[in-house]
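Scroll down for the structure; my scribbles are underneath it.
The values are calculated or read from the model by the stated rules, or taken from the named source; none is laboratory data. Quick caveat, the model's predicted, so the values are computed rather than measured. Quick reminder, even Gly has a Cβ in these numbers, built from the backbone with ideal geometry, and neighbours come from all protein chains shown. Keep in mind that these areas ignore ligands, DNA and RNA; they rest on the heavy atoms of the full protein, side chains included. Shrake-Rupley method; radii C 1.70, N 1.55, O 1.52, S 1.80 Å.
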Amino acid sequence: MKLFLREQIPLIVVYLAQLILITLVYRLDGGSGVSVSLYAALLSTCLLLGYLAYRYISNRTFYERLETVPTSLDEAGGPSQDSPLAVSLRGLLGSQFRLYKNDLHSYRHKLEEHIHFINQWVHGMKTPLSVIHLMIQDKDGPPFTAIGDELDRLKKGLDTVLYTARLDTFEHDFYVERLDLETLVRSVTSEQKRLFIRNRIFPTIKIDERIAVTTDEKWLSFVLTQIITNAIRYTTEVGKHVYFHGYIQEEKRAVLEIRDEGVGIPAGDLPRVFDPYFTGVNGRIFQESTGMGLYLVKQICGKLGHEVSICSEEGKGTTVRIVFRESYLTKM
Amino acid sequence: MFKIFIIEDDRGLVALLQDYLHKFGYETQAVNDFERVRAQFETFAPHLVLLDVNLPKYDGYYWCRQIRGISTCPILFISARDGKMDQVMALENGADDYITKPFDYEIAMAKIKSQLRRAYGTYAGSNNERTLTVAGMALDVERLVLTRGEAKVDLSHTEAKILDELMQKSGTIVTRDRLLEKIWDDQAFVDENTLNVYVTRVRKKLAALEITDGLQTVRGQGYRLIPNWGDED
């Protein structure tokens with residue numbers, strides 16, 4: 001309505017000027033009295049109001065369309081009336097929308113192809129990895145341990161690439177089931193045994209064995225692996241432990257706490273550890289920080305519906321807490 | 001003797017698998033023409049198939065269905081794809097089990113054995129039981145028994161694992177890291193002290209067979225089994 005009125009201001013001004021002009025001409029010519037002039041003015045104003053009303057009603061949706069800001073792509077259609085202005089606006093918006101959609105579609109297609117390529121490539125790389133893995137399996141001693149360590153790093157790097165690429169298509173790629181938390185944690189720590197042994201750090205697991213959580217095994221394993229890798233990397237003294245503590249909070253929510261006795265995170269860095277590519281003070285001191293680990297942890301937990309938080313004290317260690325959305329005590 | 005058919009396009013992996021399987025007394029054959037997998041399967045008539053998913057021409061699922069059309073022998077998938085959905089798909093196409101790359105020999109072996117047992121009976125052709133012999137001392141890995149001449153001593157699982165590793169490399173040093181890795185399992189985490197305890201126990205078992213200083217500690221490196229008890233094999 002407002003827009004309509006603003007739009008019609010020039011017309012109203014011209015109309016008033018014309019009215020005054022014509023009245024003046026007649027008055028100065030001495031033809032008519034005041035009442036006749038007023039009557040003529042009233043009649044013609046009624047005509048104007050009628051015209052404006054008609055214009056407004058026939059173009060109402062057009063103006064409404066112009067005044068509302070679309071919040072999503074689906075609302076971007078044109079006005080529904082059939083006045084010439086509305087029709088042409090509808091046409092314009094429609095063709096713009098199509099162009100935009102085509103463009104968007106081609107980019108989405110490219111992105112999907114790219115993800116597909118990354119997937120294929122990473123899986124392809126796993127074959128040479130398995131070959132090296134098998135070749136050194138029966139060997140012991142310095143060069144082979146070193147090759148084994150590098151192999152582990154490669155494996156982890158490939159997994160990070162794979163999971164980062166998959167994050168966008170998460171919806172097609174997860175399989176939720178009820179899992180026993182203790183079994184899951186034990187199998188993940190066992191997979192990382194080389195890392196634990198090499199650094200002389202040992203896991204201590206204390207998890208209520210009745211806890212079952214609803215989650216995706218692969219994604220949660222990846223999350224735990226990231227947290228464990230961090231815990232071990234930032235623990236410099238040998239003989240320390242990484243504690244896994246699983247318990248039920250009030251409101252029946254299961255919590256998994258992973259606490260290390262490492263160097264801790266400076267308070268200034270703490271709020272930003274979940275940001276992508278953020279490495280902080282520790283990242284600059286220690287090698288191999290990509291800043292992606294905790295970012296992925298946060299993203300994946302978000303998608304799985306788990307809450308993740310971190311607290312740390314410099315020199316004492318870091319604790320990562322995962323709170324599961326719903327959990328069950330399995331019947332004994 | 002069991003026959004195992006390997007359908008995998010990576011030569012290196014095939015060679016390693018074949019070497020390892022030959023050690024356990026299996027006969028193997030690998031596919032060389034990926035357009036005629038089915039014909040090669042029929043002429044070889046294997047007891048078990050190891051099948052990769054990504055293959056030239058047709059994928060593993062396709063060949064799995066083809067083989068299922070003519071045989072019920074166990075089929076094990078070997079694939080880099082670790083997703084649940086990939087595994088479900090393999091099982092739906094007729095596979096019996098799934099091994100994810102990269103894998104350990106032990107895991108592949110355990111799965112192969114269990115499939116063969118299931119398909120052909122418990123002790124069918126049990127010619128692949130593993131015993132290790134070093135200078136007259138024999139370790140039966142399956143039954144957890146250590147024998148020397150007439151003398152015989154029972155071992156725990158962990159003790160057997162330690163001896164297995166030491167005897168395989170008798171005469172050379174086995175690092176502590178490697179022993180820790182071998183005896184670490186899901187249920188029990190072993191730290192340095194636990195390993196010391198186990199090594200002491202192994203020494204006691206050896207002493208029961210009148211072997212006193214066969215198992216030596218190499219400071220800062222690990223342990224070494226020296227066959228110095230003078231029996232000839």
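Counted over segment B:60-143 with a bin width of 5 Å, the fraction of Cα pairs per bin, in whole percents, is 3, 12, 18, 19, 17, 12, 8, 5, 3, 2, 0.
Per-residue surface analysis assigns A:Val36 an accessible area of about 80 Å², computed on protein heavy atoms at 1.4 Å probe radius.
If you take every residue apart from A:Met125 with its C-beta less than 12 Å away from the C-beta of A:Met125, what net charge results, scoring Lys and Arg +1 and Asp and Glu -1?
+1
For segment A:78-127, the fraction of alpha-carbon pairs lying more than 14 Å apart is 68 percent, rounded to a whole number. Checking the cross-link pairs A:Lys156/B:Lys111; A:Lys126/B:Lys182; A:Lys139/A:Lys316; A:Lys193/A:Lys316 against a 29 Å limit on the alpha carbon distance flags A:Lys139/A:Lys316 as lying beyond it.
Separation of segment A:30-105 from segment B:90-121 is 72 Å, based on Cα centroids. Averaged over the residues of A:121-134, the number of partner chain Cβ atoms lying within 10 Å of the residue Cβ comes to 6. Of the DSSP H helices in chain A, those with a Cα length along their own long axis of 20 Å or more and a mean Kyte-Doolittle hydropathy reaching 1.0 comprise A:2-28, A:34-58.
When its C-alpha radius of gyration is set against 2.2 N^0.38 Å (N residues), segment A:165-271 gives a value of 1.16.
Among rounded, prolate and oblate, which fits segment A:5-96 when a ≥ b ≥ c are the square roots of the eigenvalues of its C-alpha gyration tensor, a/c under 1.5 means rounded, and a/b larger than b/c means prolate?
Cα axes put segment A:5-96 in the prolate bin.
Rolling a 1.4 angstrom probe over the protein heavy atoms with all chains in place gives segment B:29-81 an accessible area of 42 Å² per residue. Against the main long axis of the alpha-carbon atoms of chain B, helix B:192-208 sits at an angle near 70°.
Spin-label model, A:Glu251 to A:Leu167: label points 7 Å out along the Cα-to-beta-carbon direction sit 2.6 nm apart. Mean sequence separation of contacting Cα pairs (under 8 Å, at least six apart), scaled by the length of chain A, corresponds to a relative contact order of 12 percent. When a/c is below 1.5 the answer is rounded, else prolate if a/b is larger than b/c, else oblate, so apply that to segment A:122-228 with a ≥ b ≥ c taken from the square roots of the Cα gyration tensor eigenvalues. Oblate is the answer for segment A:122-228, as a/c is 1.5 or above yet b/c matches or exceeds a/b. Compactness of chain B was expressed as the Cα radius of gyration divided by 2.2 N^0.38 Å, which yields 1.21. Per residue, segment A:174-248 exposes an accessible area of 38 Å² to a 1.4 Å probe, with every protein chain left in place. Computed on segment B:18-85, the Cα convex hull volume stands at 112 Å³ per residue. When the P(r) is computed for segment A:75-167, the part past 22 Å accounts for 58% of the Cα-Cα pairs. Quick check of the Kirkwood formula: for chain A, what is the inverse mean of 1/r over all pairs of different Cα atoms, in Å? It works out to 26.3 Å.
Over chain B, Cα pairs under 8 Å with separation of 6+ residues give a relative contact order of 13 percent. Rounded if a/c is under 1.5, else prolate if a/b is larger than b/c, else oblate: which is segment A:10-49, with a ≥ b ≥ c the root eigenvalues of its Cα gyration tensor? It comes out oblate by the Cα gyration axes. For segment B:127-233, report the translational diffusion coefficient in µm²/s to the nearest whole number, using Stokes-Einstein at 20 °C, 1.002 mPa s, and a Kirkwood Rh over Cα pairs. Result for D is 153 µm²/s. Note on chain A: helix-only mean residue ellipticity at 222 nm, from DSSP H runs of 4+ residues weighted -39500 (n - 2.57) and normalised by residue number, equals -20000 deg cm²/dmol. Gyration tensor over the Cα atoms of the protein assembly as shown: the corresponding equivalent ellipsoid has semi-axes (square roots of 5 times the eigenvalues, largest first) of 75, 32, 19 Å. In vacuum, with every alpha carbon of segment A:149-188 counted as one equal point scatterer, what does the Debye formula give for log10 I(q)/I(0) at q = 0.17, 0.24, 0.28 Å⁻¹? Two decimals, please. Normalising to I(0) and taking log10 leaves -0.71, -0.92, -0.89.
Centre-to-centre separation between the Cα atoms of segment A:199-245 and those of segment B:34-67: 40 Å. Each residue, A:Glu112 and A:Glu307, gets one label point 7 Å from its Cα in the Cβ direction; the gap between the two is 3.7 nm.
Looking at this model, which pairs from A:Lys101/A:Lys155; A:Lys298/B:Lys113; B:Lys23/B:Lys101; A:Lys240/B:Lys84; B:Lys101/B:Lys205 are more than 31 angstrom apart at the alpha-carbon?
Too far apart for the 31 Å limit: A:Lys101/A:Lys155; A:Lys298/B:Lys113; A:Lys240/B:Lys84; B:Lys101/B:Lys205.
Inverting the pair-averaged 1/r between distinct Cα atoms of segment B:95-180 gives 15.0 Å as its Kirkwood hydrodynamic radius. Positive end of the dipole of segment A:1-160 (Cβ unit charges, origin at the Cα centre): among A:Thr61, A:Thr160, A:Leu93, the Cα lying farthest that way belongs to A:Thr61. Temperature 20 °C, viscosity 1.002 mPa s: under these conditions the Stokes-Einstein estimate for segment A:238-332, based on its Kirkwood radius over C-alpha pairs, is 147 µm² per second.
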